[in-house]
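K.L.:
I have a structure I would like to understand better, so I am pasting it below and will then ask my questions one at a time.
Just so it is clear, none of the values below were taken in a lab; they were calculated from the coordinates. Only a predicted model underlies this, so the values are computations on that prediction, with no experimental measurement involved. FYI the Cβ positions are ideal-geometry reconstructions off the backbone, even for glycines, and counts take in every protein chain you see.
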Amino acid sequence: SPSLRPAKRSALIVANTYSSSDPLPGCKTSAQKVKQAFESRGIVCQLEIDVSAQNLIKMVDEFTVKNADCEARLFYFSGHGGNEAFRIQTHGEALSEDLIMFEGNRGKLWEGGDFVIGEDGLHVFKDQILSSFAQDNQPAVHKILMFDCCRGESSKEMGAAKMKPFKLEIMRSKEANLKNIHYKNMVILNGTLPHQVAWCTSSGQGVTKFCSYLCSELSKPGGVNISALDEAINAGLEKDSAADSAGHRQMVEVTKRGISRPFIL
């Protein structure tokens, strides 16, 4: 594999505004602010606006290849997102999660999970993005992914997620079966807890809450430890009266996989 250049850190920043349906104009502003904050820390940024689902995966693939020699790769997404308990597939086409019957005499039920939504309204599972982001299998490279989006609907927040009254064996997608080495030194920051909605600072027009607190932390002097970033942001959200989400205060969740050394921004 190519030798790492410690000084090189790159970020792919994606914002979808959904101008034709359920618009989120504040996501573009959020992405621009995150870009400025990253660049102030010496990170080379690639900003993309209004990206379809198919182009998003292609873009992540190309970014990973182009930045194979980085000390660290970062990904930030701002837009719509959600969670589905499972995905039904029959004859190669995905159907609604509420449709239990299969057409024909066979079908598959795939494990679901968190997803982001492309500008075209199609879903991209976060597992797919993780797979593309770690495709070059370089455990020494820090991989930081930030998802600034909802992980559910306000009517299904937290313990109110819809129950599925049936039992069957779940087939895991290929992304879920990757070797653990792909995910070494990876940090995933979700802007909300599972099934929670995310908030903007001004009815969808302003920047997101996550963006506001993230950029605030990055503007402080000294290094910022990515692994502890959730605690710093949550401390601010806890005091923010406008971050209350249908009785459940918006909180950031971090997942760390195989961290062997700290990553300081």
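K.L.:
For the pair N137/V65, report the inter-label distance in nm, with labels modelled 7 Å from Cα in the Cβ direction.
P.N.:
Spacing of the two 7 Å Cα→Cβ label points: 1.7 nm.
K.L.:
Let me ask you something else. Applying a 10 Å radius around every beta-carbon, put 140-147, 47-54, 253-260, 72-79 in order of their mean neighbour count, most first.
P.N.:
72-79, 140-147, 47-54, 253-260
K.L.:
Let me ask something else. Using 0.36 nm times the number of residues separating S219 and S52, minus their current alpha carbon distance, what extension gain do you get?
P.N.:
Result: 57.0 nm gained on full extension.
K.L.:
Note down the nm distance, to one decimal, between modelled labels 7 Å out along Cα→Cβ at E231 and at K8.
P.N.:
3.3 nm
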